[in-house]
Amino acid sequence: MLVAARFERSIEIPQTFFAAEADRIAQACLAMAGRFHRGGRLIAFGNGAWASDAQHVAVEFVHPVIVGKRALPALALTNDSALLGGAYSTGHGGMQFARQLTILGRAQDIAMGFSLDGNDGNILEVLATAKEMGLLTLGLTSGTGGALSQSGLDFCFCVNCDDPLAVQETHETLYHILWELVHIFFEHEGLLS
């Protein structure tokens, strides 16, 4: 019974999300492809379990799993454990992503932030910094999106669900689709000029 309910939820939540967001996902992919075409990079970040999603999406872009697809520059701000650990030991951990972005980010880059409820202060701060710097901004969150959905991002994708497992599964499918559609736009580079 539990397994059947979990499978049903794992099907229902993404179906609902992708049916509602298909057009905006395509728009986000075109915008991302344009940034990559102009030499931009994907810079991803998140807290806790969502730090792993930031690392995962960066790896997807750098190491394509489909033969013949080009590698695209991406990094996860969560990968620098020495920098993050040092910041937390001095009491400045919450502001670290924004600081990293001001050092590493360029206007043609893409900032992708993960937040379970859309209210993580450091994720809101780094995405606000990204907007000020001219980066394309994407937020991945759940429920109604919290403050993230009201922060004026270029794209905020909210999985309307309170089950963190279903949210994470949907986000993972979303960033795989983002990767794939960005590559489809690269196959039609005339769209990117």
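The values are calculated or read from the model by the stated rules, or taken from the named source; none is laboratory data. From a predicted model like this one, the values you see are computed outputs, not experimental measurements. Here the Cβ positions follow ideal geometry from the backbone for every residue, glycine too, while neighbour counts run over all protein chains shown. What goes into the accessible areas is simple: the full protein's heavy atoms, side chains included, and nothing from ligands, DNA or RNA. Shrake-Rupley method; radii C 1.70, N 1.55, O 1.52, S 1.80 Å.
Give me the net charge of residue 186's neighbourhood, meaning all other residues with Cβ under 9 Å from the Cβ of residue 186; Lys, Arg count +1, Asp, Glu -1. Let's see the in-between values first.
On the way: positive: 69, 70; negative: 187, 189.
Net charge around residue 186: 0.
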Inter-label distance, nm, simple model (7 Å from Cα along the C-beta direction), residue 191/residue 79: 2.8 nm
Surface share of carbon and sulfur [accessible, 1.4 angstrom probe, percent] for the chain: 58 percent
Whole-angstrom Cα spans of the chain along principal axes, big to small: 48, 45, 31
For the chain: accessible area per residue (Å², 1.4 Å): 47 Å²
